[in-house]
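Accompanying notes for the structure given below.
Only the coordinates and a few stated rules stand behind these numbers; no lab work does. Just so you know, these numbers come straight off a predicted model, no measurement behind them. Cβ placement follows ideal geometry from the backbone for every residue including glycine, while neighbour counts extend to all protein chains displayed.
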Amino acid sequence: MKLKALVSVFGLLLLAGAVSAQTATPSPTPRPTATPRLEDEEIKIDTELVNITVRVVDRNNRPINNLPQSDFKIYEDGVLQQIDFFSKSEVPTNYSLVIDNSGSLRQQIEQIIEAGKYLVGTNRTDDETAIIRFVSSDKIEVLQDFSKNKTDLNDALDNMYIEGGQTAIIDAVYLAVERLNQGNTPQKDLDRTRRAIVLVTDGEDRSSFYSESQLLELLKESDVQIFVVGFVKALSDDKGFISKSPQGKAKAFLERLATSTGGKSYFPASASEMTTISKDIASELRTQYSIGFIPSNDKKDGTYRNIRVNVTDGPNASKRIAITRAGRTAEKEGTPPTLN
């Protein structure tokens, strides 16, 4: 987000004093005059406010949501930053339900749909949700764009169906993140709208146009949390001599998406766990802290900056763990402006 500070500079009328002649000639020395500047000049100062969303949990992964600002320290590239904005109140949440409709989830799809409806049912008045189904790269479909209408959202979930195709998880998430970025209007940014993706899949990408590295680069530039539900148990757990099993690769990939964005990953043994998981995700979306800071390094060089959040330990040295995105990409001078 950019804050525009307008500083008005008024012209001052310069009065020149008379200069006495130091020569024998009686002619007076001309008095210099200055043209007064009565018009206002506007100087625009661009300041980048970085917003991050932080979850705090104890060692048992239970959320802690009653901490004051004084318990937090924010570091960018190891340098302590001054906190300019802090909130632990609920803020509007925009999230996309991105659900794998490939054959691997045929047995789970009904319970996934019901869990999606439960999650939609927890939406607050100003929350907006989008419903996206995907199979292969040419079968990524927005069944319902961002909406507050729960009936429309539930109808979209009911319109999901399984079909064959080479699963393109990376492409589906990439396009969902881009859509969230496009919807991040200046007004919504001022409202501190939280943005997230809830991804349900088996975790095995077979035919995406984008690579994982391209997706991770996009996530570095986006303040979007990813909550992953991975039905990886259906994949083979047979591993090679030096390589991970398909199940191990899928789990590691999904964990990277969640960890790098400050989200959370779930790996249910069966679809019967979906209701419990959806309840936990609904809670996670709303028991977080919104923190903003103006970085001390104001260079617009497009470099990646690591972000670290430390939280003071609780009573009896009980550990508190802060979870947030791993970093951000700074703005770059001379490039078109982007909505962060």
Subject >> Charge dipole of segment 93-286 about the Cα centre (unit charges at C-beta), most positive-ward option of Phe146, Ala156, Leu219 >> reply: Leu219
Subject >> Cα pair count fraction exceeding 21 Å, expressed as % - segment 93-286 >> reply: 47 percent
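What does the net charge come to around Asn60 if you take all other residues with beta carbon closer than 12 Å to its beta carbon, with K and R at +1 and D and E at -1? Please report the intermediate quantities before stating the final value.
Details: positive: Arg59, Arg62, Lys319, Arg320; negative: Asp58.
In short, +3.
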Original post:
Simple spin-label model, 7 Å along Cα-to-Cβ: Ala269 to Ser245 in nm?
Top reply: 1.5 nm
Original post:
Which far-off residues, 5 or more places away or on another chain, put their amide H under 5 Å from the one on Glu128, with H placed in the peptide plane?
Top reply: Thr93, Asn94, Tyr95
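First measure r as the distance between the Cβ atoms of Ile83 and Thr276, then evaluate 1/(1 + (r/R0)^6) with R0 = 35 Å and state the FRET efficiency to the nearest 0.05. Don't skip to the answer; put the middle values down first.
Values: r = 35 Å, r/R0 = 0.99.
Taking R0 as 35 Å, the efficiency between Ile83 and Thr276 is 0.50.
Between Asn60 and Ser296, what length comes free when the chain is fully extended (0.36 nm per residue of separation minus the Cα-Cα distance, one decimal in nm)?
Numbers: separation 236, 0.36 × 236 = 84.96 nm, distance 3.46 nm.
Gain on extension, Asn60 to Ser296, equals 81.5 nm.
Around Asn306, under 12 Å between beta carbons, what's the net of Lys plus Arg minus Asp minus Glu among the other residues?
On the way: positive: Lys220, Arg305, Arg308, Arg325, Arg328; negative: Glu76, Asp77.
With Lys, Arg at +1 and Asp, Glu at -1, the neighbours total +3.
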Original post:
Can you work out ³J(HN,Hα) from phi for every residue in segment 214-221, in order, using Karplus 6.51 cos²θ - 1.76 cosθ + 1.60 and θ = phi - 60°, giving whole Hz and x for Gly and Pro?
Top reply: 5, 5, 5, 5, 4, 5, 4, 8
Subject >> Residues of segment 72-114 with amide N under 19 Å of a point placed 7 Å along Cα→Cβ from Thr312 >> reply: 72-75, 80-89
Subject >> Karplus 3J(HN,Hα) series, Hz, for segment 128-140 with 6.51 cos²θ - 1.76 cosθ + 1.60 (x for Gly, Pro) >> reply: 10, 10, 10, 10, 10, 10, 8, 10, 9, 4, 8, 10, 10
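What does the charge count near Met274 come to, summing +1 for each Lys or Arg and -1 for each Asp or Glu among other residues with Cβ under 13 Å from its Cβ? Could the numbers behind the result be given before it?
On the way: positive: Lys117, Lys279; negative: Glu110, Glu114, Glu273, Asp280.
My count for the surroundings of Met274 gives -2.
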Original post:
Among Ile162, Ile113, Ile132, which comes first, then next, by fewest other beta-carbon atoms within 10 Å?
Top reply: Ile162, Ile113, Ile132
